[in-house]
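Notes follow once the structure below has been shown.
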Amino acid sequence: MIIDSHVHLKHGDAAKTEYTPERIIEVMAEAGIDRSVVFAMSTTTGRSIEMAAAASAGFPDRLIPYVYALPGFEGGVIDEIRRAIEELGFRGIKVHVGECSLAPYVIDPVMSLASEAGAPCLVDFGGRLADATRIATSFPSLKLIVAHFGLYLAPREDQIEGFIALAEKCANVWLDTAGVLLGWKIADAVARIGAERVLFGTDSPYPKPDEASMARRGVRQIQNLELSDADTAMVLGGSVAALLDL
Ligand SMILES: [Zn+2]
């Protein structure tokens, strides 16, 4: 089974592109993907819950909802996130450094909640290794997923190497392959931390060149790494299935 652990109901691009659950299911079919973790960003926590709840209600066997955490200095969303996880069946939390401060007084209540609830937290750190290190080590029982191996579309090895080293040091860190340009670093990570902590993700759908191209390419990227069959299967779905207890 192929499970995409990084799919957007709403993106963070300039157009804030949205995709319906029906379109996401079509894209998954084109790429041979069985299940997907879905979330929205560039919106409020409340609206992200509405969007992901509707998606998973429509396709309960295919779409797995994460809540988007947008905490502010004045607080407010922690109760919404808790309700999504404890009452609505949400399986994880998404955070994006482009829209949310990672200052401890803003983000740590989210990380505490994620730790207590056993819900993984998928964070786009935008290359901020110091913040990833602080959070991973401050919350040892947190299941921390580092999106994009640390930096989206990083063209240089040194921009993501520190995040792989962090995962080597911290057993509570997973790495997601969405938007990783340097495919050989994915194989490198599998060799160093094990396929169990490398999660296949695609960041799809994506408008160009066609909406399913990123998903198709993402699957092929993992298949082309020449890992063992067991490791390929683990990265493409086994790792996130174990993480989320699917
Ligand atoms: Zn993304």
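Brief remarks follow.
- The GluC sites (Glu not before Pro) of region 79-123 meeting both criteria, a DSSP state outside H, G, I, E and B (loop) and at most 10 other C-beta atoms within 10 angstrom of the site's C-beta, are E87.
- Proximal aspartates and glutamates to K143, defined as alpha-carbon separation beneath 16 angstrom and excluding residues fewer than eight positions away on the same chain: D108, E116, D124, D131, E168, D176, E196, D245
- Among A130, A55, A212, the largest mean-square fluctuation in a Gaussian network model of the chain (Cα springs under 10 Å) belongs to A130.
- Net +/- balance of residues flanking I81 in space, Cβ distance below 14 Å, scoring K and R +1, D and E -1: -2
- Comparing Cα centroids, region 62-90 and region 176-246 end up 26 angstrom apart.
- Sequence-distant lysines (8 or more away, or on other chains) whose Cα lies within less than 29 Å of K208: K10, K16, K94, K185
- Structural descriptor for region 3-244: relative contact order 18 percent, calculated from alpha carbon pairs under 8 angstrom and at least 6 residues apart.
- Choice from S141, S112, S228 with maximal GNM fluctuation in the chain (Cα, 10 Å cutoff): S228
Taken together, the values in this text are just the output of simple stated rules run on the coordinates, not laboratory data. Predicted model, so just to flag it, every value in this text is computed and none were measured. Please note: Cβ atoms are built from the backbone with ideal geometry, for glycine as well, and neighbour counts cover all protein chains shown.
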